[in-house]
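Peer 1: This is the structure, below, for whatever I ask next.
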Protein chains: 2
Amino acid sequence: MCDVMKEKKEMKEKQMKPMELDASTEEKIKAAARALFIRKGYAATRTRDIAEEAGINLALLNYYYRSKEKLFDLILLETTVDFMKQLSVLLNDAHSTLEEKVERVTAGYIDFLTAEPHVPIFMLSEIRNHSGRLFERLAMGRMLKDSVFMKQYEEAVAQGRVTETNPLHFVMNLLSMIIFPFVGKELLQRLVAMQDGAFERMMQERKRLIPVWIKMMFSRNESEQIL
Amino acid sequence: MCDVMKEKKEMKEKQMKPMELDASTEEKIKAAARALFIRKGYAATRTRDIAEEAGINLALLNYYYRSKEKLFDLILLETTVDFMKQLSVLLNDAHSTLEEKVERVTAGYIDFLTAEPHVPIFMLSEIRNHSGRLFERLAMGRMLKDSVFMKQYEEAVAQGRVTETNPLHFVMNLLSMIIFPFVGKELLQRLVAMQDGAFERMMQERKRLIPVWIKMMFSRNESEQIL
DNA sequence: TATCGGATTAAACAAATGATTAATATGTTT
DNA sequence: AAACATATTAATCATTTGTTTAATCCGATA
């Protein structure tokens, strides 16, 4: 719903009957836009495609979201926030150990990306172009630094259980091994002649393997490297 | 140069004086197109931008390359072939060990991607859309399977030096840890508030670390896991 | 029932964009 | 010098595309 009307709408919100229908149309547009933007990117997506996919009149897109770009910014921001929030929640669970966090991040993201495999390329390629100021208010700058994960990591280093002192490598290796297969899927499937089914099975297998590999990479205690 | 004229040109190739100038213009277009396509993608790149970047008249683009799409296909194919050829050459060197191959692939790709950081996202996001048949003749299907690397890997598994029996995980982890940081650079830099200089220094550090990590992940012999 | 406001629609607009044309320039061949 | 082929240019074309407009629909309210 367009900005000007939003105020009026919110004022009446309680007795509004058509609200479901309104929200439905508004949501249909956003859902269609999300699907297309994520699959084809901003520049390759036409407003007419969005309207058709949503089953609505073209003008309604501008009626509710002002412009293609505003709609896109909204979706890019929401998608990125969702993506980062997952990480943030898992990294800040006070009741899980460092090892458990690794396992949960791995399983959580592999499940998420299996359902939404186009999200990483979408985020990473569109953030490059747009979003100059779009992400400043997100303030992710201290998200990792202030996390429970980071405390536990430093503790583990201090106790000599973990060898690498730069936690960035730890996080980067973990995310690399989880996310990259989805990003490179198309190329990798051609490189080794793999079907979709085999790919998904491989990613399920990696749920178990990645935590083991991470442990082997960063643990100082040889006896633990076997499990 | 357009198809129709190519024949005539090749017939005269020996005494052609304007050939340098011709090739120069043709090359200027391709270079400009490559730079823009790789940075902004197919859909976001205008033929007028390419013409301006190349410093040539708009019509010359169609004169030499027929259409935007033909020009793009050429560049996507060339870029992908270059990228894969690097891997192919390194994986098929008969005079290097498995460990040396890991080191060389790591150093080679980190250097390449430091110079051309946009290439991976470009390839991986554009291959998804175009390229239905563009890559069939590339026949990468057996590239990995028939490589010297694969022979050495199987040998290492047979000798018990390497633990994981599925070589796909080995290759995928290697490529993930090398390539993903470049793909996720923008997001990662925001996540940890990192500057460009720090990023490059980190990637140089990874040249040394990744082969060590790979060795730790996949080696069965505990005494080797320390180095 | 009449009226009002938001939702929806078909039509149109203006700018952008890929491509083409026709003319001209430039250098080569005869 | 004349004829020719290729390279280059400015102008134009036809479509596409994001957006707007004006009219209409529809349910709620008074």
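Taken together, the values in this text are just the output of simple stated rules run on the coordinates, not laboratory data. Just so it is clear, the structure is predicted and the values come from calculations on it, not from any experiment. Cβ atoms come from the backbone with ideal geometry, glycine included; neighbour counts cover every protein chain shown.
Peer 1: At a 10 Å Cβ-Cβ cut-off, how would you order B:LEU187, A:LEU74, fewest neighbours first?
Peer 2: If I rank by nearby Cβ atoms, fewest first, I get A:LEU74, B:LEU187.
Peer 1: Which whole-Hz couplings ³J(HN,Hα) result when phi for each residue of region A:105-111 is put into the Karplus expression 6.51 cos²θ - 1.76 cosθ + 1.60, θ = phi - 60°, listed in order with x for Gly and Pro?
Peer 2: 4, 4, 5, x, 6, 5, 5
Peer 1: In whole Hz, with x marking every Gly and Pro, tabulate ³J(HN,Hα) for region A:207-214 from phi via Karplus 6.51 cos²θ - 1.76 cosθ + 1.60, θ = phi - 60°.
Peer 2: With coefficients 6.51, -1.76 and 1.60, one gets 3, 7, 6, 4, x, 5, 4, 4 Hz.
Peer 1: Amide H of B:VAL162: which non-local residues (sequence gap of 5 or more, or other chain) have their own amide H closer than 5 Å, using H built in the peptide plane?
Peer 2: B:VAL157, B:ARG220
Peer 1: Report, in whole Å, the centroid distance computed from the Cα atoms of region A:138-201 and region A:111-126.
Peer 2: 15
Peer 1: Further, regarding this structure: Starting at the first residue of region B:146-156, write each ³J(HN,Hα) from the Karplus equation 6.51 cos²θ - 1.76 cosθ + 1.60 with θ = phi - 60°, in whole Hz, x for Gly and Pro.
Peer 2: 8, 7, 4, 3, 5, 4, 5, 5, 4, 4, 5
Peer 1: I would also like to ask the following. Placing a label point 7 Å from Cα toward Cβ, how far apart in nm is B:GLN159 from its equivalents in the other copies, listed shortest first to one decimal?
Peer 2: 3.7
Peer 1: Under the convention of a label 7 Å out along Cα→Cβ, give the distances in nm from A:LEU74 to the same position in every other copy, shortest first.
Peer 2: Result for A:LEU74, in nm, nearest copy first: 4.3.
Peer 1: Taking a threshold of 20 Å on the Cα-Cα distance, which of the pairs A:LYS101/A:LYS185; A:LYS151/A:LYS215; B:LYS101/B:LYS151; B:LYS70/B:LYS185 fall above it?
Peer 2: A:LYS101/A:LYS185; B:LYS70/B:LYS185
Peer 1: Sticking with this one: Put the label 7 Å from Cα along Cα→Cβ for A:THR97; what are its distances to the other copies, in nanometres, shortest first?
Peer 2: 3.5
Peer 1: Taking neighbour Cβ counts within 10 Å as the exposure measure, how do A:SER176, A:SER147, B:SER88, A:SER24 sort from fewest upward?
Peer 2: Values: A:SER176 25, A:SER147 20, B:SER88 15, A:SER24 11.
Ranking A:SER176, A:SER147, B:SER88, A:SER24 by Cβ neighbours within 10 Å, fewest first, gives A:SER24, B:SER88, A:SER147, A:SER176.
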